[in-house]
Amino acid sequence: MELKRIAAIHDLSGFGKCSLTVALPILSSAGIETSVIPTAVLSTHTGGFTGFTYKDLTEDIMAIADHWNTLEIVFDGIYTGFLGSFEQVHLIENVIEKLKMNKTLVVIDPVMADNGELYAIFSKEFPKEMKRLCQKADLLIPNLTEASLLVDEPFMQEGTYKPEDIERLLQRLATLCQGNVVLTGVSFETGRIGAAIYDKRSAETQYAFTQKIDGYYHGTGDVFASTVTAGIFNGFTLLRATQIAVDFTAAAIARSKTAGTDVRFGVNFEQEIPSLLKALKLV
Ligand code: PXL
């Protein structure tokens, strides 16, 4: 089988598994060559830790893309996540322009908020900037909070929305990007949670659910989006890739919950990788 190549553009948070420390192992173990542009190096992610270091790498981003261009590297995919500033978001629009070829699939996870709230490090204007970047997405993977910020609507608390509300939201999100949308954190009944997918061409919405595990675990959005990406590049339909990602993320959370791990430390996805490879039919 052809070896697919993805450029993953995220920060490198040294501790508290998220962004590159999640994307790289998941994509590589799924048989995808993964090149990285680290946008910043932090001692930990910013969710719940204090005193973390933050080395901004904005200056290096375009230089890396320019060097890659001289090597005429062809990317099957570009996958972006956490970006730390307005400037970086703008820069990544240009990096995508530079690295994208006709067949390159651009996956954008507009990391900026969760649980109804914008992450503390971002200003209120940040979602507007992120919305611009989303225009480049062939596949957009927001959570419900990010989705509401992108379409400028109030956050919908669990229990207050129905399938038709989600479908309307998905249609609005699809107008912001080039292609399909996977919306995470969707729940219509107690104890069940998952993702909704919207196919722009057929205008059809489908769902992938699993059993809900209580507790807010950091980095799960990155585990999920990396796994959807791994599924797509292994030739699965968006619905199947989403169901695989829902199941894998839930299994990783369940392991961490059972172990009583600090929710800031990230989830135990590593020991679920064998089951992921089975689901992806790689073993
Ligand atoms: O998981 C998203 C994420 C990625 N990178 C950094 C973060 C966060 C969420 O808080 O702080 C640095």
So residue 51 clears everything in (1) away from the ligand (no atom under 16 Å from the Cβ); (2) free of Cβ contacts under 8 Å to residues at least 12 places away in the same chain except one condition, right? Which one? (1)
Does segment 225-271 hold any residues that are under 22 Å from residue 201 (Cα atoms), touching a residue at least 24 places away in the same chain (Cβ under 8 Å) and in a loop (DSSP other than H, G, I, E, B), and which are they? 234, 236
Would a scan of segment 63-78 turn up a residue that is aliphatic (A, V, I, L, M), in contact with a strand residue (DSSP E or B) (Cβ under 9 Å, 6 or more places away or on another chain) and closer than 28 Å to residue 275 by Cβ? yes
Residue match in segment 28-38 (condition: over 10 Å from residue 222 (Cβ atoms) and touching a His at 6+ places or on another chain (Cβ under 7 Å)): no
Would you check if residue 139 is open to solvent by less than 30 Å² (accessible area, probe 1.4 Å) and at pLDDT 95 or above? yes
Go through 249, 237 for me and flag whichever is touching a helix residue (DSSP H, G or I) at 6+ places or on another chain (Cβ under 9 Å), open to solvent by 50 Å² or more (accessible area, probe 1.4 Å) and among the polar types (S, T, N, Q). 237
Scanning segment 84-103 for residues that are under 17 Å from the mean Cα position of the chain (by Cα) and away from the ligand (no atom under 16 Å from the Cβ) gives 93, 96
Identify the single condition in (1) touching a helix residue (DSSP H, G or I) at 6+ places or on another chain (Cβ under 7 Å); (2) open to solvent by less than 20 Å² (accessible area, probe 1.4 Å); (3) of a type outside the set (S, T, N, Q) that residue 40 does not satisfy, given that it satisfies every other one. (1)
Tell me which residues, restricted to segment 183-202, are touching a residue at least 12 places away in the same chain (Cβ under 8 Å), within 22 Å of residue 171 (Cβ to Cβ) and open to solvent by 60 Å² or more (accessible area, probe 1.4 Å). 188, 200
Within segment 122-134, is even one residue among the basic types (Lys, Arg), touching a strand residue (DSSP E or B) at 6+ places or on another chain (Cβ under 8 Å) and surrounded by 15 or more Cβ atoms within 10 Å (Cβ to Cβ)? no
If residue 69 meets every condition in (1) farther than 30 Å from residue 214 by Cβ; (2) touching an Asp or Glu at 6+ places or on another chain (Cβ under 7 Å) apart from one, which number is that one? (2)
Under 6 Å by Cβ, and 6 or more places apart or on different chains, what pairs join a residue from segment 10-21 that is on the phi < 0 side of the Ramachandran plot and within 7 Å of the ligand (Cβ to nearest atom) with one that is assigned to a strand (DSSP E or B) and among the small types (Gly, Ala, Ser)? 11/40
Filter segment 54-83 for residues that are among the hydroxyl-bearing types (Ser, Thr, Tyr) and open to solvent by less than 10 Å² (accessible area, probe 1.4 Å); the one that is farthest from the ligand (Cβ to nearest atom) is 79
Taking the condition of being assigned to a loop (DSSP other than H, G, I, E, B) and either closer than 20 Å to residue 65 by Cβ or away from the ligand (no atom under 16 Å from the Cβ) (or both), how many residues in segment 112-140 meet it? 6
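Residues are listed down the side, and each one gets a yes or a no for (1) within 16 Å of the ligand (Cβ to nearest atom); (2) assigned to a strand (DSSP E or B); (3) of a type in the set (Asp, Glu):
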site	(1), (2), (3)
170	no, no, no
174	no, no, no
183	no, yes, no
193	no, yes, no
205	no, yes, no
214	no, no, yes
218	yes, no, no
Residue list for segment 99-115, restricted to those being surrounded by 13 or more Cβ atoms within 10 Å (Cβ to Cβ) and free of Cβ contacts under 8 Å to residues at least 60 places away in the same chain: 100, 104, 110, 112, 113
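The values are calculated or read from the model by the stated rules, or taken from the named source; none is laboratory data. What you see is a predicted model; the values in this text were computed from it and never measured. No Cβ is skipped: glycine too gets one built from the backbone with ideal geometry, and neighbour counts run over all protein chains shown. To get the accessible areas, we keep the full protein, side chains included, count just its heavy atoms, and leave off ligands, DNA and RNA. Shrake-Rupley method; radii C 1.70, N 1.55, O 1.52, S 1.80 Å.
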